[in-house]
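Visitor: Sharing a structure below in structure tokens format, with a few things to ask.
The values are calculated or read from the model by the stated rules, or taken from the named source; none is laboratory data. Note that the structure is a prediction, hence the values are computed from the model and not measured. All Cβ positions, glycine included, derive from the backbone under ideal geometry; neighbour counts span all protein chains shown.
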Amino acid sequence: MLPIDLSVLYVDDDDYSREVMQVMLAEVMGVRHITLLPDSHNFIAHLEAINPPPSLILLDIHMQPYDGLELLAMIRRHPRFAAVPIAALTASVMNEEVHRLWGAGFKAVIAKPIDMERFPGQIEKVLAGEIVHG
Amino acid sequence: MNSLRLSIHRIWLSVTTPHPSVLSSDVRRVRLLLSIIVSFILLNLFGIVLVFALIEDSLQMELIFAAPCALATALTLFAYGIARSPRHMPAVYLIMLNAAILTYGAILATPGPDSATKYAPMIVLGTLIGGLFLNVRETGVVAAMLGIGLLVVMLIFPRVVTGIFGFTVEPIESFSIFVTQLIVHGMNLCILFFMDLRDRLEQERIQERTRAIEQEQLALAYKRADEVKSAFLASMSHELRTPLNAVINFTKFVQNGVMGPVNDRQKETLGKVVVNSKHLLSLINDVLDISKIEAGSLKLFVEPNIDLNPIIQTAVETTLPLLADKGVKLELDLPDQLPAIACDQQRVRQILLNIVSNACKFTEEGHIRITAHMTDNDVIISVADTGPGIAAEDHDLIFAPFRQTESGLRRADGTGLGMPISRSLAEAHGGRLWFESTVGQGSTFFVALPLNVVAEPAVV
């Protein structure tokens, strides 16, 4: 179902969350190009250096020095990556937080803990540009 | 010239503009005060004329009284006007002047030696009653000023009066002066009493205002504490869910053989880890929800035109696995056209998920039927099951936080928070949640959501 050359960038400051995502993407979903970043230092430089360029970006929200909302704005301003599908991955699923993310322009919000059975379907929806909630 | 006009204007304003305390909301008390003062002024005028007429036993002296009485009344009114402003002392001086003028009027009129004695006891009594309401210092000041004034008048006046009015006056009879002075003094004491009352009213008002400010500050402090609590809950939710992401998913990776072969016993054991981790997760969500509800900080994110059909469908699909091993039929009987309503769809889904999953959990045979219909104001969704039913004595437990019925406790996989949360969520929408149940025949839960939601949409 997933495109064969899918390249995913995942930014999260929690080591175990990155490891979960690595296994999920690589071994459960068979994604071959995965880039994991532990923080948002020099984010644009890192983003531009990824080869092949990411075709899907997953962002944690609580990060240093830029949070997920700031990263979203930076990517949306970037001439090459403005149209890349982006999803927020957050452990803050309280209504207020989720609506803050919608307000900031995220079209997809995926709750942590991610659900092994539902996650591939959610990613497909994100790639198709659909709204993903929870 | 200009400055004179300005100061006259200022005096006029200060006399005619009522103090805010008089204009305030407590109209009843102020009106009472006004009417007492007006009737008192009239009595003042009337009483003086009457007493002098009786003393003189003729109305010849009318003209002589008219001037001081009119002046005294004007001064009384002026004093009243001043008394409406927060300046108390000028009003006291004016009242003393009023008393002095009336007294001098009495001196001018002092006639026969004996008539005044008849009225003296009544007047003394009146003065004492008037004095009851005043504070000691003010009574003393007024009495002293009048006494000195009288002394001066008694020394000077006989000659002056004779000179001015061109008729002879008998030597002033001191007892009559004393009596007249008592009348005037007593009446003015009453005016001071009303001023005192005004001060008390104003003080009360200041106290009320202080209280209101204090309450405002208290509310602000509560709000701040509430914000701190909300922030704490949000961060706790985040901190608890992050490690669960690793616990649940690593366990599932191993359980599903992603990390290498596992035998059936290991798989089953890991399955138990997953079930319990997910239970922990729902517990965290429920505890956070109930904390928010009890703190009154629950916010709805109301969106217009939400179609209820897919929300009900999702709730059914999510809970169907609970019926996997049971012979229970789940029937969905929805009208073709359910109206779109304004609601927080995540919360409505949560309510339905809770009711339907409860029905699935407790029903061992028979069916669960989900229906919906409209009334004039509400959409009512009902979930009827053929489960064990809820005993009458347990009906109150259903909506009490952290409480469960015996059968609920035996199952040990609920928090006892789902129903209280769902009811609060329905009520936050301006709706209701209730049930009907007979032991042995099943239960029906109803959710009513208003067609026009009354909840304020939260600002994001």
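Visitor: So which of A:LEU101, A:LEU89 ends up being more than 30 Å from B:GLN255 (Cβ to Cβ), within 14 Å of chain B (Cβ to nearest Cβ) and not in a loop (DSSP other than H, G, I, E, B)?
Guide: A:LEU101
Visitor: Something else now. If the requirement is being within 14 Å of chain A (Cβ to nearest Cβ) and either more than 26 Å from the chain's Cα centre (by Cα) or of a type outside the set (Phe, Trp, Tyr) (or both), which of these qualifies: B:THR269, B:THR251, B:THR210?
Guide: Among B:THR269, B:THR251, B:THR210, only B:THR251 is within 14 Å of chain A (Cβ to nearest Cβ) and either more than 26 Å from the chain's Cα centre (by Cα) or of a type outside the set (Phe, Trp, Tyr) (or both).
Visitor: Can I ask one more? When segment A:104-120 is examined, which residues are found to be within 13 Å of chain B (Cβ to nearest Cβ), among the basic types (Lys, Arg) and either crowded, with 16+ Cβ neighbours inside 10 Å or in a strand (DSSP E or B) (or both)?
Guide: Across segment A:104-120, the qualifying residue is only A:LYS112.
Visitor: To continue, here is another question. Would it be correct to say that A:ASN42 is more than 14 Å from every other protein chain (Cβ to nearest Cβ), touching a His at 6+ places or on another chain (Cβ under 9 Å), modelled with pLDDT under 95 and farther than 21 Å from B:HIS238 by Cβ?
Guide: Details: more than 14 Å from every other protein chain (Cβ to nearest Cβ): yes; touching a His at 6+ places or on another chain (Cβ under 9 Å): no; modelled with pLDDT under 95: yes; farther than 21 Å from B:HIS238 by Cβ: yes.
Judged against the criteria, A:ASN42 is not a match.
Visitor: Oh, and also: For the list (1) free of Cβ contacts under 8 Å to residues at least 60 places away in the same chain; (2) among the β-branched types (Val, Ile, Thr); (3) within 14 Å of chain A (Cβ to nearest Cβ), I need the number of the one condition that B:THR371 fails.
Guide: Against the list (1) free of Cβ contacts under 8 Å to residues at least 60 places away in the same chain; (2) among the β-branched types (Val, Ile, Thr); (3) within 14 Å of chain A (Cβ to nearest Cβ), B:THR371 comes up short only on (3).
Visitor: So for segment A:2-11 (the condition being touching an Asp or Glu at 6+ places or on another chain (Cβ under 6 Å) and either without any contact (Cβ under 8 Å) to a residue 24 or more places away in the chain or among the hydroxyl-bearing types (Ser, Thr, Tyr) (or both)), does at least one residue qualify?
Guide: no
Visitor: From the residues in segment B:321-344 that are within 14 Å of chain A (Cβ to nearest Cβ) and at pLDDT 85 or above, which one is surrounded by the fewest Cβ atoms within 10 Å (Cβ to Cβ)?
Guide: B:ASP344
Visitor: Would you call A:LYS125 among the charged types (D, E, K, R) and in contact (Cβ under 8 Å) with a residue 60 or more places away in the chain?
Guide: Considered against the rule, which asks whether it is among the charged types (D, E, K, R) and in contact (Cβ under 8 Å) with a residue 60 or more places away in the chain, A:LYS125 comes out as no.
Visitor: Also, quick follow-up: Does segment A:16-24 contain at least one residue that is over 12 Å from the mean Cα position of the chain (by Cα), surrounded by 14 or more Cβ atoms within 10 Å (Cβ to Cβ) and part of a loop (DSSP other than H, G, I, E, B)?
Guide: No, that holds for no residue.
Visitor: Follow-up. Given the conditions (1) closer than 22 Å to A:ARG18 by Cβ; (2) surrounded by 15 or more Cβ atoms within 10 Å (Cβ to Cβ); (3) away from chain B (no Cβ under 14 Å), and given that A:PRO52 satisfies all but one, which numbered condition is not satisfied?
Guide: So the condition that A:PRO52 fails would be (2).
Visitor: While we're here: Filter segment B:339-364 for residues that are assigned to a helix (DSSP H, G or I) and of a type in the set (Gly, Ala, Ser); which is farthest from A:HIS99 (Cα to Cα)?
Guide: Within segment B:339-364, the first condition is being assigned to a helix (DSSP H, G or I), and the residues that meet it are B:345-362.
Okay, now just the ones that are also of a type in the set (Gly, Ala, Ser), so B:357, B:359.
Values: B:SER357: 26, B:ALA359: 31 Å.
So the residue we want is B:ALA359.
Visitor: Can you name every residue in segment A:11-23 that is out of contact with any strand residue (DSSP E or B) (no Cβ under 8 Å at 6 or more places or on another chain) and at the interface with chain B (Cβ under 7 Å from one of its Cβ atoms)?
Guide: Those that are out of contact with any strand residue (DSSP E or B) (no Cβ under 8 Å at 6 or more places or on another chain) and at the interface with chain B (Cβ under 7 Å from one of its Cβ atoms): A:TYR16, A:VAL20, A:VAL23.
Visitor: Here's a follow-up. Scanning segment A:121-131 for residues that are surrounded by 16 or more Cβ atoms within 10 Å (Cβ to Cβ) and farther than 14 Å from A:LEU59 by Cα, which turns out farthest from the other protein chains (Cβ to nearest Cβ)?
Guide: A:LEU127
Visitor: Confirm whether B:THR210 is at pLDDT 90 or above and not hydrophobic (A, V, I, L, M, F, W, C). Working first, answer last.
Guide: Values: at pLDDT 90 or above: yes; not hydrophobic (A, V, I, L, M, F, W, C): yes.
Here the answer is yes, as B:THR210 does meet what is asked.
Visitor: Are any residues in segment A:62-77 surrounded by 15 or more Cβ atoms within 10 Å (Cβ to Cβ) and not in a helix (DSSP H, G or I), and if so, which ones?
Guide: A:HIS62, A:MET63, A:TYR66, A:ASP67
Visitor: Since A:MET29 meets every condition but one in (1) closer than 25 Å to B:PRO243 by Cα; (2) under 14 Å from the mean Cα position of the chain (by Cα), which condition does it not meet?
Guide: Failing condition for A:MET29: (2).
Visitor: While we're here: Which residue out of B:ASN256, B:ASN285 is over 51 Å from the mean Cα position of the chain (by Cα), modelled with pLDDT of 80 or more and of a type outside the set (Lys, Arg)?
Guide: B:ASN256
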